[in-house]
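First comes the structure, then the notes that go with it.
The values are calculated or read from the model by the stated rules, or taken from the named source; none is laboratory data. Quick caveat, the model's predicted, so the values are computed rather than measured. When we count neighbours, we look across all protein chains shown, and the Cβ atoms used for this are built from the backbone with ideal geometry, even at glycine. Accessible surface is based on the protein model in full, side chains and every heavy atom, while ligands, DNA and RNA are left aside. Shrake-Rupley method; radii C 1.70, N 1.55, O 1.52, S 1.80 Å.
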Amino acid sequence: QVQLVESGGGLVQAGGSLRLSCAASGITLVINDMGWYRQAPGKERELVARISRAGNAKYADSVKGRFTISRDNAKNTVYLQMNSLKPEDTTVYYCNALMAYREYWGQGTMVTVSE
């Protein structure tokens with residue numbers, strides 16, 4: 001079955017950087033869009049960044065200029081380079097993939113940004 005496995009989360013000081021990775025396995029169809037979402041306790045899951053198979057990306061206003069999404073189609077992997085991290089970026093980040101009009105989610109990886 002399809003699995004998305006995230007890695008790269010952790011603890012970093014404000015102003016620092018982290019790179020998240022998400023590898024998809026069990027793929028039998030073409031992955032269309034891939035993306036990263038985040039969800040803070042008590043809040044709805046929100047889009048962080050999304051990228052099409054052709055490489056067209058869009059970002060939440062809150063991360064524009066700080067985060068960069070990229071993907072490797074040959075490896076079925078999506079990345080999120082996060083720079084100039086802020087304490088308000090602290091939360092769980094989830095990987096998302098769209099295949100044949102169905103969405104798949106990873107288990108999430110925690111990002112903690114200290115003051």
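Listing for the model above:
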| read-out | value |
| --- | --- |
| Normalised contact order of the chain, rounded percent, pairs of Cα under 8 Å and 6 or more residues apart | 36 percent |
| Percent carbon-and-sulfur accessible area, the chain, ignoring ligands, DNA and RNA, probe 1.4 Å | 47 percent |
| Per residue, in Å², the accessible surface of the chain once ligands and nucleic acids are set aside, probe 1.4 Å | 54 Å² |
| Summed side-chain charge close to VAL2 - residues other than VAL2 whose Cβ falls under 13 Å, Lys, Arg +1, Asp, Glu -1 | 0 |
| Nearby lysines by direct alpha-carbon distance to LYS75 (threshold 22 angstrom, same-chain neighbours under 8 apart not counted) | LYS58 |
| C-alpha center-to-center spacing [the stretch 2-17, the stretch 21-68] in angstrom | 13 Å |
